[in-house]
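Since the structure comes first, as C-alpha cells, the remarks are kept for the end.
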Amino acid sequence: MRAAWRDLSERLGPGTLRDILLVNLAVGIVGVSYGAITVGDGLPLWAPNLMSIVVLGGASQFLFTGIIGAGGSPVAAVLAGLLVNARHLPFGFALADTVKNRPVLGSYLMIDEVVAFALSEKDPVRRRLVFFTCGACLWVFWNIGSLLGGLLGNAITDTDTFGLDAAFPAVLVALVMPALRDRRTRTLALVGAVVAVAVTPLLPAGTAVLLALAALALLPLMRGAGEAS
Amino acid sequence: MISAPVLIASAVLLGLGTFAFRAVGPLLHARIRVSPSVQSLMSMSATVLLVALAATAAIFDGSSPAGWARVSGVAVAVVLAWRRAPFVVIVLAAAGTAAGLRALGV
C-alpha cells in the first residue's frame with residue numbers, strides 16, 4: 001500500500017498528488033454537508049451513500065435531495081438530476097481517448113473536478129493517470145463525507161463559514177486556466193459564461209450551464225482554425 | 001415522505017441516466033473513429049461548460065444570488081490563476097477570502 005502510494009507520487013509528481021488531495025479534502029467536507037442536509041431533510045441514513053455510489057454527481061445529488069426534501073415528486077427529482085447531468089455528454093467525448101482502456105469505470109468516475117483535472121494535463125499518459133487517481137480519490141472522499149454527514153447530522157451543515165462554497169468554482173478556474181490562454185477558447189468560454197449567468201435566474205437550478213454551449217455557434221465566425229487545446 | 005423502494009428506484013434511474021450521458025462518448029469511441037476536429041470541438045465544449053459552471057456557482061446559490069463573499073473569493077482565484085499562482089494558493093485564497101469576508105459580516 002505504502003509502496004504503491006510512493007510509486008504513484010513519483011509518477012504524478014508530489015505537486016499534482018498534493019493538489020488532488022486538496023481538492024478531495026474539500027469534496028469530502030462538502031460530502032459531509034451533503035449527508036447532513038439529506039438526512040436532515042428526513043431521508044433515511046443510507047440515502048446519502050446510496051446516491052453517492054449510484055449517481056456520483058454532487059450537483060444532481062443536492063438537487064435531488066432538495067426536491068424530495070421539499071415534498072416534490074420523485075419523477076421531478078430524477079428529471080431535474082438528469083438535466084443537470086446532461087453536461088457529462090460532451091465530457092465523455094472529450095475524454096473518450098483517456099478512458100478507452102476502462103470505458104465503464106472511466107465513465108462512472110467522470111465527475112466535474114476529475115474532468116477538469118484530467119483536461120489540465122496535456123500528455124495522454126499523465127492525463128489517464130490523473131483521471132483515474134483523482135476519480136478513485138473522489139469516490140472515497142465523497143462517500144466517507146456523505147456517511148459522516150449522515151451520522152453527524154446537522155452539526156456541520158454550514159460549510160459556507162469556511163468559504164468552501166468559493167473553493168469549488170476556484171478549483172475549476174485554476175484547472176481550466178491553461179486552456180483559457182488560447183484566445184479563441186477564452187472568448188467562447190466567456191460568452192458562454194455570460195449566457196449561463198444571465199439565464200440562471202430564469203431556469204430550473206443547474207440547467208442554465210447547458211446554454212453556455214450556444215457560444216459555440218460563434219466558432220465559424222472566428223478567424224484562425226488553430227487547434228484549441 | 002418517500003418510501004424506501006421508490007427512493008431506491010429513483011436513485012437507480014438517475015444513476016443509470018447519468019452513467020448513460022457519461023458513457024456515450026467512451027463507448028462509441030471503440031466503434032467509430034471520431035475526427036480530430038470533432039475531438040477538439042468536444043474539448044472546447046468541455047472547457048466552455050466548466051467555465052460556465054464555475055461562473056454560475058460563483059454568483060448563484062441555486063437560482064438566487066450567492067452574495068459578495070463568494071463572488072469575491074472566486075474573483076481572487078481568477079486573478080491568482082491568471083498570474084499562474086500555485087493551485088493550492090488559488091484554492092485556499094478563494095476559500096480564505098470568502099470565509100474572511102463572512103467573518104467580517106459581508
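To the nearest µm²/s, what D does Stokes-Einstein give for region B:16-69 at 4 °C and 1.567 mPa s, using the Kirkwood radius over alpha carbon pairs as Rh? Could you put the intermediate results ahead of the total?
Values: Rh = 13.7 Å.
Reported coefficient: 95 µm²/s.
Only Cα sites of region A:31-94 enter the Debye sum here, all with the same form factor; the resulting log10 I(q)/I(0) across q = 0.15 1/Å is -0.44, listed in q order. For region A:134-193, the average shadow cast by the Cα convex hull is 5.7 nm², which is a quarter of the hull's surface. Taking every residue in A:14-20 and counting other chain Cβ atoms within 10 Å of its Cβ, the average works out to 2. Close amide H pairs (under 5 Å, H built 1.01 Å from N) link B:Phe60 with B:Ala66, residues at least 5 positions away or on another chain.
Length available on full extension from A:Leu203 to A:Trp46: 0.36 nm per residue minus the Cα-Cα distance, which gives 53.4 nm.
Would you mind putting B:21-29, B:61-69 in packing order, based on average other-beta-carbon counts within 10 Å, highest first?
Working: B:21-29: 20.7, B:61-69: 15.4.
Top to bottom by mean Cβ count within 10 Å: B:21-29, B:61-69.
The mean count of C-beta atoms from other chains within 10 Å of the C-beta of residues in A:207-214, rounded to a whole number, is 4.
Other residues with beta-carbon under 11 Å from the beta-carbon of A:Leu175 carry, at +1 per Lys or Arg and -1 per Asp or Glu, a net charge of -4. Probing with 1.4 Å while keeping every protein chain in the model, the per residue accessible area of chain A equals 42 Å².
Only one residue of B:Val91, B:Pro5, B:Ser37 has its Cα farthest out toward the positive end of the dipole of chain B, where Lys and Arg carry +1 and Asp and Glu -1 on Cβ, and that residue is B:Ser37.
Three principal axis extents of chain A based on alpha-carbon atoms, in descending order, are 55, 52, 34 Å.
Between region A:159-229 and region A:74-127, the C-alpha centres lie 16 angstrom from each other. Normalise the Debye intensity by I(0) for chain B, one equal point scatterer per Cα, no solvent, then take log10 at q = 0.14 Å⁻¹ and round to two decimals. For chain B at q = 0.14 Å⁻¹, log10 I(q)/I(0) is -0.86. Mean residue ellipticity at 222 nm, helices only, chain A: -22000 deg cm²/dmol; runs of at least 4 DSSP H residues each add -39,500 (n - 2.57), and the sum is divided by the number of residues. By a 1.4 Å probe calculation restricted to protein chains, A:Trp139 has an accessible surface near 80 Å², given to the nearest 10.
The label-point distance for A:Met1 and B:Arg83, in a model that sets each label 7 Å from Cα toward Cβ, rounds to 4.2 nm.
The values are calculated or read from the model by the stated rules, or taken from the named source; none is laboratory data. Just so it is clear, the structure is predicted and the values come from calculations on it, not from any experiment. In this analysis, Cβ positions are derived from the backbone assuming ideal geometry, glycine residues included, and neighbour counts consider all displayed protein chains. With ligands, DNA and RNA removed, areas are computed over all heavy atoms of the protein, side chains included. Shrake-Rupley method; radii C 1.70, N 1.55, O 1.52, S 1.80 Å.
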